[in-house]
Amino acid sequence: MLEKEDELLWTEGLDIVRRLEAGGYQAYLVGGCVRDRLLGRAIHDIDIATSATPDEVTGLFARTLPTGIKHGTVTVLEGGRSYEVTTFRQEFGYSDSRRPDEVAFVLDVSEDLARRDFTFNAMAIGSDGEVVDPFGGQDALRAGVVACVGEASERFSEDALRMIRAIRFAAEFDFDLLPDVWQAIVAHRSKLKHVAIERISSEWDKMMAGSGPEQACHYLFKSGLLEHVIDPLPEAFKSAAERYRYNRLSWEWDRWGVAYSDEGSMGNLSQLPSISDTDLRWAALLTGMALSEGDCLELCQKLRLSGRRSLRIAGIVGLNGQLDFTDEDSLWESWTLAVLARGRSIAEDWIGMSEGCENEAVPSFKIWLEEMPVTAIADLNVRGDELSRFLNRRPGPWVAEMLQSLLEGVAFGTLLNDKSSLLSEAAIQSTESREEER
Ligand code: ATP
Ligand code: MG
């Protein structure tokens, strides 16, 4: 986000705090925005905590949305932006390791901060700019550590998602997980089965998009947490993660820079941050883990990634698996076939992923792609109906087969992409296939 946007968000957030105060209530900016502000990082959203009840908040502002009235949250809309305003609350009794049995509105901001997960997430800033920091969040930021508010084991038992969040923040800020936090993660990892997969995958996806994806995956695999996701992840994924846990190996690149993994080897995670697109990072991770296209698709679907993203990620991994790097000719041939089968966009994605992985052979793949006269049936200078009229044959499945065969001919350079060459080749193939039928 632009710095100016950040400033606007922050100033407008403080403005809402002042308006709540003018109404006779206490109010503060809290949580992630305070932490990110103190770290000098970009702010994505503003959370406000107040002693006003949701009804009182609704009464003070012109445009509001009742986002989560039961939990005390009202969204205030100002200047085209939205601000979550939540009544100070305490939470009690997490009998299911995922959510409180009861919440109660309270009047003191410190009581509200006490329910939050990590000390650096449990700070507030008032309209006077003073930081309310009852648990030493600023110390944790200075020391570069992830520390729980209270006892790690207890906090992870209340809500098991916090284990995943601890990893996200450690990876994102390049902070250390304090030994008690790490030990509590390992001790309580099986409680992750109580957490909805959407919550886990949204955190995991943020980690993949963030500044420490390699560190995040390292912690996720090393902790054994992913073994305990409620809807089990594909076996191939779990066993690769498990192998990583015991033996950190790196994936191999052949001389063409194509990733492959032997039984027992594992992705080179350190390359993930140099890839700019999150989907390409996922693809690089799964390529390095030697997952099949089918396993990738299953994993993405289990993680509830959108259909479009799932197909994209699995497509890139599948393309990688289609390449035959025995020698240069086989590689060019398999690349050309893969581009035809999966389309230009997946091919460009694969190149993007490989570039991020410092694959030295990328220029060759780029040239090969540029030099392809066609990459899809739509690029052919003949249409299906023209074929059937020219050959005087009724339309049927043969048309698609014929177009595919012409496409390959043009892509491999054995056929020119002009109508008369295409039609005469079609006539030859049609006669041959009819003779075979006889
Ligand atoms: P970011 O927005 O950068 O992803 P964040 O810290 O703002 O990080 P949110 O999920 O937006 O994360 O939550 C806002 C705040 O709510 C957190 O800073 C924290 O104080 C509190 N919080 C969120 N999830 C939990 C949880 N599972 N347990 C306890 N407190 C939580
Ligand atoms: Mg947030």
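The values are calculated or read from the model by the stated rules, or taken from the named source; none is laboratory data. Note that the structure is predicted; figures quoted are calculated from it, not measured. Note: ideal-geometry Cβ built from the backbone for every residue, glycine included; neighbour counts use all protein chains shown. SASA here: full protein model, heavy atoms, side chains in, ligands and nucleic acids out. Shrake-Rupley method; radii C 1.70, N 1.55, O 1.52, S 1.80 Å.
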Filtering region 43-67 for residues that are assigned to a loop (DSSP other than H, G, I, E, B), open to solvent by 60 Å² or more (accessible area, probe 1.4 Å) and within 14 Å of ligand 2 (Cβ to nearest atom) leaves a count of 2
Subset of region 75-103, residues within 16 Å of ligand 2 (Cβ to nearest atom) and touching a strand residue (DSSP E or B) at 6+ places or on another chain (Cβ under 9 Å), comes to 75, 76, 82, 83, 84, 85, 86
Matching residues in region 1-21 - criterion: being within 20 Å of residue 130 (Cβ to Cβ), free of Cβ contacts under 8 Å to residues at least 40 places away in the same chain and not β-branched (Val, Ile, Thr) | 7, 10
Do the conditions hold for residue 189, that is, is it part of a helix (DSSP H, G or I) and under 18 Å from residue 100 (Cα atoms)?
-> no
Apart from one, (1) more than 16 Å from ligand 1 (Cβ to nearest atom); (2) touching a helix residue (DSSP H, G or I) at 6+ places or on another chain (Cβ under 8 Å) all hold for residue 47; the odd one out is (1)
Failed item in (1) open to solvent by 40 Å² or more (accessible area, probe 1.4 Å); (2) under 30 Å from the mean Cα position of the chain (by Cα), with residue 139 passing the rest | (2)
Matching residues in region 178-218 - criterion: being among the acidic types (Asp, Glu) and open to solvent by 60 Å² or more (accessible area, probe 1.4 Å) = 180, 198
Only unsatisfied item for residue 375, checking (1) hydroxyl-bearing (Ser, Thr, Tyr); (2) in a helix (DSSP H, G or I); (3) within 30 Å of residue 278 (Cα to Cα), is (2)
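May I ask you to verify whether residue 223 is surrounded by 17 or more Cβ atoms within 10 Å (Cβ to Cβ), among the hydroxyl-bearing types (Ser, Thr, Tyr) and either over 20 Å from residue 284 (Cβ atoms) or assigned by TED's automatic domain parsing to the domain that holds residue 309 (or both)?
Judged against the criteria, residue 223 is a match.
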Near pairs, Cβ below 9 angstrom, 6+ apart or cross-chain, from region 22-42 (closer than 12 Å to residue 125 by Cα and open to solvent by 70 Å² or more (accessible area, probe 1.4 Å)) to any residue that is more than 13 Å from ligand 2 (Cβ to nearest atom) and assigned to a helix (DSSP H, G or I) | 26/20; 26/109; 37/6; 37/10; 38/137; 38/138; 38/141
